[in-house]
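Written below as structure tokens is the structure these notes are about.
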Amino acid sequence: MTSPSRADSPRRLARYSGAENRDIILDAALEVFSLHGFSGASTRQIAAAAGIEPGHLAYYFPSKAKLWRSVIEAFARKGEVLLREALDGDALDRPEESVAAILPPFLRCFAENPRLTRLMLQEFSVSGERHDWVVASFGKPVWEILRPLFERLERRGLLSGASAPAAYFNLLGGALIAFGNRDLLIDLAGFDPTGEAETEAYIRLLMRPLLQGGI
């Protein structure tokens, strides 16, 4: 059975600073959006999950679209920052070593926040204005960071004839689907891919084609 969601248990917002209140609202909104999607979520649900009145929510975020975008911006930069810091000047000179060192921590980000992974998977999968914004703001920047590394692997013949984009999206898709569907996997097979040991084993599975020089 899927564990009860915090979105189903309204909480009362204590007297914190404006920044702390904002963080509480963003966390509640992430929970509700990940469970119900943008269209299925309501600001009333989010306010209840955060323990505030809808009018108080509107004080911080005047529209559902503004709140949704703020949620993505607040939680989705970790992987990109990690990659920018890890890809130093000589990383492309040793692509096999760089892949082994850089990609597992990046993939781990998807497991550490399965709610965000689920939300991103939803938006990547449905065409529209939100899809276009997520792709332009997060999907393409991450690909452009990793593109030279995957292209170097391709030029060295380490992708078994597959292209750099195919190798990258094979890896990314595996992470998004498994970690973004945590509750489904628990319901179907009693398997939680976000458990510490399970996460590490699954990342090794995703990484094996790259580390062994073939897809």
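Each value in this text was obtained by applying a stated rule to the coordinates, not by laboratory testing. Computed from a prediction, not measured in an experiment: that's the story for all the values here. Positions of Cβ are backbone-derived with ideal geometry, glycine not excepted, and every protein chain shown enters the neighbour counts.
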* Structure fact -> Under the 7 Å Cα-to-Cβ spin-label approximation, residue 81 and residue 23 lie apart by a distance in nanometres of 1.2
* Structure fact -> Total charge of the residues flanking residue 186 in space, meaning their Cβ is under 12 Å from its Cβ, with Lys and Arg +1 and Asp and Glu -1, is -3
* Structure fact -> For residue 159, the net charge from surrounding residues (Cβ-Cβ under 11 Å; K, R +1; D, E -1) works out to +1
* How far apart, in nm, are two points set 7 Å out from the Cα along the Cα-to-Cβ line at residue 53 and at residue 112? -> 3.8
* Leading residue at positive end of dipole, the chain (Cβ point charges), from 153, 30, 206 -> 30
* To do: Go ahead and run the numbers for FRET between residue 147 and residue 197, Cβ-Cβ distance against an R0 of 22 Å, rounding to 0.05.
  => 0.10
* **the chain: DSSP helices with Cα axial extent of at least 20 Å and average Kyte-Doolittle hydropathy no lower than 0.0** => 18-40, 95-112, 164-180, 196-211
* All other residues with a Cβ under 12 Å from the Cβ of residue 144 taken together, and with Lys, Arg as +1 and Asp, Glu as -1, what is their net charge? -> +1
* Dividing the convex hull volume of the alpha carbon atoms of the chain by its residue count, what do you get in Å³ per residue? -> 132
